[in-house]
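Bear in mind these aren't lab numbers, they're just calculated from the coordinates by the rules spelled out. What you see is a predicted model; the values in this text were computed from it and never measured. We place every Cβ from the backbone using ideal geometry, glycine too, and count neighbours over all the protein chains shown.
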Amino acid sequence: MKSQDGFRASRAFFVCVLSLFALFPAYTNPVTAPNSAKQKKVKPIEVSSDQFLWRVDLHSMGYPDNGNQLQSRRGLDEFDTVDFVGEGVVAATFITQEPAPGLQRRDDPNRAPLYRLHAVFLEAASGKVLKTLDWPLDNPNAGIFPRYDGSFLFLSTHRIVLYSPDWTPVKELPLPQLQQPHAYLAGIAESPSGKVLVVRFHQGSSIRCVRISTDTLEGSEEPCEIPEEFTVSDDAMAVSEWGRDRTEDNEFGPEVYYHGFPMPSHGPDPRRILIREMGKPVRTLCDCLVCFPQFISNQTIVTYSSPYLWLFDVAGHLEFKKEFDRRGPEELAWIDDMGRPVRPSTDGRRFALALNTPIIKGATGYLVKAFKTEPGDPPATFPDRIDIFDAPNGQLIYTLKDKVTQFSVFYAYDENNVLIKGQYPIERQFPQIMGLALSPSGEKLAIDSGGVIQVYALPPAAQTPPPSH
């Protein structure tokens, strides 16, 4: 996690080693011009973050004080802290540490759990608590994955359990692979429809993936030398071509090319986003310097880096592009590309993007302080706003601005050595955005700002045919 006390003046980008299911030569698919046959532009609705439908503080339900660092042990780029399990139900999750009973042997089957995952199910319309569940854990890497019909999966490093909409366990899939010596979880992705879950793990010197059908828990395992930051649809997978990989002690090694050669001293050249559809060869979706992919539906995919957002169809045609780092008062926010900041609606019509504040807003100009980003980051450590996009029409339709309630004054020298007076927000509606989610229809937005869940009403979805799943 990053602290507000330590402003870092440089950014680092971590991805990992790649070969997409034993990867092979891919052809370059040139990017076409953005689709011009979109609907007439509409002015996005702007709303302050204090205009929520309802707000529930989980601290009264056991959320630990100053618990954001504990929550980050789960890997917030892999496990959502808030989601919709159906149009009418929001699920919020958090972990707590269990009291230590004394020294325990790691191989003792009767040892006391070290952690506990808590799930609170809330009525989406009112915030009323519908149900609570909890599970003992030896490893904090655990969470739930919705299927958007009310059912969901509970996943830990021991097992996956399918739960029905009435919170009854239906079926269980053990994960003995993760209990082997030197085996560890290192990457999870769920398709936007909730129908497919892919679990990536290390087993000794090899990397393997289990692709799971969430309705039956039937899984197939195979080698997959892919990065930890990957994305899946119901029938495809996409990855960045270069990066880093996680070690057993949760550290990251030096940057390498996907074929194993060291990164040149002058830094990375433009690298590709690669995509593989089932039954088809690997191909290039697009070229970019440092960016990450996220499926929005089976037909569309977003790629993003700190200042840019692109929306493609899976053939590689550019639908629209958005730039966020212009040096002007209207565009200063930046994307934490390690925090998985994009969340789609189930039907693929809409997606939400969490953006970070530029941190410093000067009295005579604007200064941007960049921060080092790390795998496992929350969607936004320094929230500025959340933008909601209409994917079929390529438009920004809604902006939820984080309300700042108190500023701190500072003095600093700008790049011309001129002393300026500025302000830094010290109290905000969202201290952090630990998790966010769109409802299946895209008409509600849920935010976890660190143990406080807020839900917002969005404009009704346009009556345009959704992308098919």
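Brief remarks on what is shown
- Nitroxide proxy distance, nm - points 7 Å out along Cα→Cβ at A125 and I420: 5.0 nm
- Difference of contour (0.36 nm per residue) and Cα-Cα distance, D149 to W54: 32.0 nm
- Counted charge near G442, where neighbours are those whose Cβ lies closer than 11 Å (Asp, Glu -1; Lys, Arg +1): 0
- Backbone phi angles across the range 134-149, fed through the Karplus curve with coefficients 6.51, -1.76 and 1.60 (θ = phi - 60°), yield HN-Hα couplings of 8, 9, x, 9, 8, 10, x, 6, 7, x, 10, 10, x, 9, 6, 10 Hz in residue order; Gly and Pro are listed as x.
- Order of Y308, Y398 under a 10 Å beta carbon neighbour criterion, fewest first: Y308, Y398
- For I207, the residues 5 or more places off, or on other chains, whose built amide H falls under 5 Å of its own are C224.
- Residues whose amide H lies under 5 Å from that of I45, counting only those 5 or more places away or on a different chain, are Y398, T399; hydrogens are built 1.01 Å from N in the peptide plane.
- Spin-label model, K321 to D235: label points 7 Å out along the Cα-to-beta-carbon direction sit 3.0 nm apart.
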